[in-house]
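Note sheet for the following structure.
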Amino acid sequence: MGNMASSLILHKRITTTLAKAKALRVYVEPILTKGKDDTTHSRRTVFSYLQDKEAVTILFREIAEKIANRPGGYTRIIKMENRLGDNAEMAMIELVDYNTTYTTGEAGAAKKATRRRGGAGKGKTADPFAAANVTPAPAVVEDAVVVEEAPVAEAVVEETPVAEAPVAEAEAPTAEETPEAPAANEENAEKGE
């Protein structure tokens, strides 16, 4: 177990059988936790398990910085295909913070604790057409040939030409053209209305 733990610390990832990987996880997790506390006593304790100066140095210098904010779960076991010779279940065990496929690379960033609260369903009343305002995807270059991708979701609005009919101007009669308008006003004034 000490040799496998040293190899895991030195290489950050090793391939072994599934049973050995599960046993190694139990063996190496407390060692990695000890690696966070850089004191002479913890260095001597870790050296008694690993028996490798180089592995101890890498553990306390490089790995301790990456796992400083992680409360546990420093390793990940990924199952692989069975071995051809004896059909044994194989697995790859790796340090979580050194795999950039699954992590964003921000190992030292502390995550803010959030509380879940029951809400009035604010997210349920979101505008369903907000997703239609998607920007077009950028051009992709493959083998020196530029291929432009179509926009993912874009509303197509076509303008239809409106036939313009000749509009005859309707002229409003003015007071000078209609002599009846002043007379109507005088009749209303006489009636008292």
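Structure notes:
- Single unsatisfied condition, ILE93 versus (1) open to solvent by 30 Å² or more (accessible area, probe 1.4 Å); (2) closer than 12 Å to ILE9 by Cα; (3) not hydroxyl-bearing (Ser, Thr, Tyr); (4) not in a helix (DSSP H, G or I): (1)
- Qualifying position, being of a type in the set (S, T, N, Q) and modelled with pLDDT under 95, among ASN69, ASN82: ASN69
- Selection count, the range 1-44, where residues are loosely packed, with under 15 Cβ neighbours inside 10 Å and without any contact (Cβ under 8 Å) to a residue 12 or more places away in the chain: 9
- Subset of the range 4-23 (residues that are under 12 Å from ILE78 (Cβ atoms) and either out of contact with any Asp or Glu (no Cβ under 7 Å at 6 or more places or on another chain) or assigned to a helix (DSSP H, G or I) (or both)): ILE14, THR15, THR16, LEU18, ALA21
- Residue satisfying all of: in the range 45-69; small (Gly, Ala, Ser) and either assigned to a helix (DSSP H, G or I) or under 22 Å from MET92 (Cβ atoms) (or both); most open to solvent (accessible area, probe 1.4 Å) among these: SER48
The values are calculated or read from the model by the stated rules, or taken from the named source; none is laboratory data. Worth saying up front: this structure is predicted, and the values here are computed from it rather than measured. When we count neighbours, we look across all protein chains shown, and the Cβ atoms used for this are built from the backbone with ideal geometry, even at glycine. Just the protein is used for accessible areas: all its heavy atoms, side chains included, with ligands, DNA and RNA removed. Shrake-Rupley method; radii C 1.70, N 1.55, O 1.52, S 1.80 Å.
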